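Structure, as structure tokens:
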Amino acid sequence: MSTHHESILDVSGMSCPSCIRHINDALRELDGVEKVVVRMNDGKVLVRHDPQRATANHLIAALREAGYESTLSAGAG
């Protein structure tokens, strides 16, 4: 049985509502991603995912492919 995990990513380059859609789409395409919340005001993206199927590295790679640089937020569990 897999357990979902919440990761917080710091994402640079978000500047408009279209960015929110692109980020949402890029992450939701990954197997194991359950929920995506994009907070453009502070540059954070919260992702609820199955870490066995979608690791933090998968999330970061998907965002890089979509044109956004990101890192796992400090203090993210």
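What follows draws every value from the coordinates through simple rules; no lab data is involved. Predicted model, so just to flag it, every value in this text is computed and none were measured. Ideal geometry is used to build each Cβ from the backbone, glycine not excepted, and the neighbour counts take in all protein chains shown.
Find the residue count for the range 49-77, including only residues that are among the β-branched types (V, I, T) and either closer than 15 Å to D10 by Cα or in contact (Cβ under 8 Å) with a residue 12 or more places away in the chain (or both).
Of the residues in the range 49-77, 2 are among the β-branched types (V, I, T) and either closer than 15 Å to D10 by Cα or in contact (Cβ under 8 Å) with a residue 12 or more places away in the chain (or both).
Residue by residue, here is whether (1) at positive phi; (2) surrounded by 18 or more Cβ atoms within 10 Å (Cβ to Cβ); (3) in contact with a Ser or Thr (Cβ under 7 Å, 6 or more places away or on another chain) holds:
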{"site": "S7", "(1), (2), (3)": "no, yes, no"}
{"site": "D10", "(1), (2), (3)": "no, no, yes"}
{"site": "P17", "(1), (2), (3)": "no, no, no"}
{"site": "D50", "(1), (2), (3)": "no, no, yes"}
{"site": "L63", "(1), (2), (3)": "no, yes, yes"}
{"site": "E69", "(1), (2), (3)": "no, no, yes"}
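Would you confirm, using the coordinates I've provided, whether L46 is surrounded by 12 or more Cβ atoms within 10 Å (Cβ to Cβ), touching a residue at least 12 places away in the same chain (Cβ under 8 Å) and out of contact with any Asp or Glu (no Cβ under 9 Å at 6 or more places or on another chain)?
no
Being assigned to a loop (DSSP other than H, G, I, E, B) and among the basic types (K, R) is true for just one of R21, R53, R48, R64. Which residue is that?
Testing whether each residue is assigned to a loop (DSSP other than H, G, I, E, B) and among the basic types (K, R) leaves just R53.
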